[in-house]
1. Starting from residues that are of a type in the set (A, V, I, L, M, F, W, C) and more than 15 Å from A:Ile7 (Cβ to Cβ), keep the ones in the range A:110-146 and report whichever is farthest from the other protein chains (Cβ to nearest Cβ).
2. Out of all the residues in the range A:108-116, is one or more closer than 19 Å to B:Glu85 by Cβ and basic (Lys, Arg)?
3. Filter the range B:204-257 down to residues that are among the aromatic types (Phe, Trp, Tyr) and over 15 Å from B:Thr191 (Cα atoms) and give me whichever is surrounded by the most Cβ atoms within 10 Å (Cβ to Cβ).
4. Restricting attention to the range A:132-168, which residues are buried (at least 17 other Cβ atoms within 10 Å of the Cβ) and acidic (Asp, Glu)?
5. Would you tally the residues in the range A:120-131 being more than 16 Å from the chain's Cα centre (by Cα) and either crowded, with 23+ Cβ neighbours inside 10 Å or on the phi > 0 side of the Ramachandran plot (or both)?
6. Kindly provide the set of residues from the range B:208-241 that are without any contact (Cβ under 8 Å) to a residue 12 or more places away in the chain and touching a Ser or Thr at 6+ places or on another chain (Cβ under 9 Å), ordered by number.
7. Go through the range A:75-108 and count every residue that is of a type in the set (D, E, K, R) and more than 7 Å from chain B (Cβ to nearest Cβ).
Amino acid sequence: MPAVEEISESLIRENITRAVGDVFKTMMGRAVAFDAAEAVPGEGESSAPQVIGTVGFIGDINGLVYLYLAEDFANQCTAQILGMNAFELKTKGEAVVNDAIGELTNMVVGSFKNALCDAGYPCKLTIPSILRGRNFCIQSTRLAERRSYRFTCGSHRVVTDIILKSGD
Amino acid sequence: MRKKILTVDDSKTVRIIVRKAFKSYDCDIFEAGNGVEGLAVAGKELPDLILLDITMPVMDGVETLTKLKSDPLLKAIPVMMLTAEGGKEHVLKIAKIGVRDYIVKPFKEDVLIEKANRIIELKPLADGPGKVRSILDSAEILIIDDKPAIVAQIQEGLKHTPWKVHGVSTQLDAAEACSKQLPDLVIASLTLPEEGAYSFLRMIRANLKTKYTPVFALVVKTEIDAQHKAQEAGFNFVVTKPIDIVDLESRMAKAMNLDMSGRYYTMDDDLLVLRLPENCSQTGLAEAAQYLQPKLAEAVDAGQNKAVLDIGGIKALDANVIKLLMQAMQACRDLAMQFALVANAQLIAECKGFEDTRGWTFYETYEDAKANLGKGAAKAAPVLAGT
């Protein structure tokens, strides 16, 4: 069973950067840039309203990836993916945004973990879930590796929080 | 026949994207949120294609695929995976169960359409449901010919139409032009080097967006073998040189499936006007006759009960013009519509020379006919000889 420590930080960073970039570009035509400034685990947590997509993967390596978006930006992304205007989106309610951000996260995490699979760490995805709120903190167990990365998409910030653990 | 496509995905977002991607094609989209629902819909609708996700609640895509392939009724339905699960081993494992294609999310709608079209033949909807294009609408015409004089001749001949006629001299230029603006019809010279017209035809037929675009071949009239070869290759029509522009225009309009009635019929206040154009060919007369009954019915439905039949623009009277006028007058009588005839002095004189038309009464201008119809002159207006 491979250990998480075998996976280099650069492999994680490169894969998540490519995954976020591909998904935002393909689904919304938006360019995303990696923010080289050191990200602190948990920095996606904000006092502003957040929509956070979560998708896990299980197998030789287990993991959980959180994709943090400000609520306004999550609404914009959803409208763009579904070809809706702001009014249509408002009438559809939060469920539509939750589903779209869940799927966006699913694609990002799928792309990220497929690269891990091809690098010799077979695993499969779990079903997405959504967190909404502000001023909350996600903590990981001591046995898990945690990496946070920050990206910019125009004037918006996207944060990925990756928690990895060796498979049982 | 309309194609049926079933999308099985727990994400409503993906199902909306799929529906949006296929909306301009002649197909029905069915949705299911998991494998159990998917199998039920597949059994009921027997779709032509199933788009299947893997990670779903209740029943995942792998189990769904396995069940589909073990069901004698459903196993022949082609399945295309549309999933974020894309590790090489995973793909190979699923491919062994039997899928026709595999798209890893994120995906572009174009890619989805292109891959689906390789499995089932998708037919684009013309211009959206219900909208019929007319001879009065703009259209993009592309001519591929390395002889500028031919391009100029066609442009000149069609300048009275609302069509935009562009000329390019090579197959490569044509491909570039198509990438910028999809043409409504293409005319390609068979004398282009290296059988460029045939290569272009293959290219345009291979592209889903242009596969139904009419392509005419252009060749000298005496090149009989080349004409046969072009017909066999699948050109929609072979235009021969010297070009009969009137006939070409009519063929083009028909190939573009345009409603031609606007060329002959107009509404003027409460009047239906049938006006034959100056260059009206025998094909044109046939077209005018074809639209006669529907346009009269349309006028009656709109509460209009007067018609002007104006042949003042044509150059000479012949049996087919007379036949059309007789049909039109009889139809007006059947519908209790008042009508008046308009012709120029020469045509009126010609009418006096035929037994059947000798008794017809004409106005020399449209304005006179319209004014007199308004006064109820129709009672005294033209009558068929012998009636």
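The values are calculated or read from the model by the stated rules, or taken from the named source; none is laboratory data. Remember, it's a predicted structure, so these values are computed and weren't measured experimentally. Cβ atoms come from the backbone with ideal geometry, glycine included; neighbour counts cover every protein chain shown.
1. Step one: of the range A:110-146, the residues of a type in the set (A, V, I, L, M, F, W, C) are A:112, A:115-117, A:119, A:123, A:125, A:127, A:130-131, A:136-138, A:143-144.
Still in the running and more than 15 Å from A:Ile7 (Cβ to Cβ): A:125, A:127, A:130-131, A:136-138.
Working: A:Leu125: 5, A:Ile127: 6, A:Ile130: 12, A:Leu131: 17, A:Phe136: 25, A:Cys137: 28, A:Ile138: 22 Å.
The qualifying residue farthest from the other protein chains (Cβ to nearest Cβ) is A:Cys137.
2. Residues of the range A:108-116 closer than 19 Å to B:Glu85 by Cβ: A:108-116.
So of that shortlist, the ones also basic (Lys, Arg) come out as A:113.
Yes, the range A:108-116 has at least one match.
3. Let us first name the residues in the range B:204-257 that are among the aromatic types (Phe, Trp, Tyr), namely B:212, B:216, B:235, B:237.
The next check asks that each one be over 15 Å from B:Thr191 (Cα atoms); those that pass are B:212, B:237.
Details: B:Tyr212: 13, B:Phe237: 18.
So the residue we want is B:Phe237.
4. Matches in the range A:132-168: A:Glu145, A:Asp161.
5. Residues meeting the conditions: 2.
6. Residue satisfying the conditions is B:Thr222 alone.
7. Within the range A:75-108, the subset of a type in the set (D, E, K, R) is A:88, A:90, A:92, A:94, A:99, A:103.
Narrowing the set further to residues that are more than 7 Å from chain B (Cβ to nearest Cβ) leaves A:88, A:90, A:92, A:94.
The qualifying residues number 4.
Here's the yes/no breakdown for (1) in a loop (DSSP other than H, G, I, E, B); (2) facing chain A (nearest Cβ under 10 Å); (3) β-branched (Val, Ile, Thr):
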site: B:Ile17; (1), (2), (3): no, yes, yes
site: B:Ala40; (1), (2), (3): no, no, no
site: B:Leu68; (1), (2), (3): no, no, no
site: B:Leu73; (1), (2), (3): yes, no, no
site: B:Ala76; (1), (2), (3): yes, no, no
site: B:Met81; (1), (2), (3): no, no, no
site: B:His90; (1), (2), (3): no, yes, no
site: B:Lys96; (1), (2), (3): no, no, no
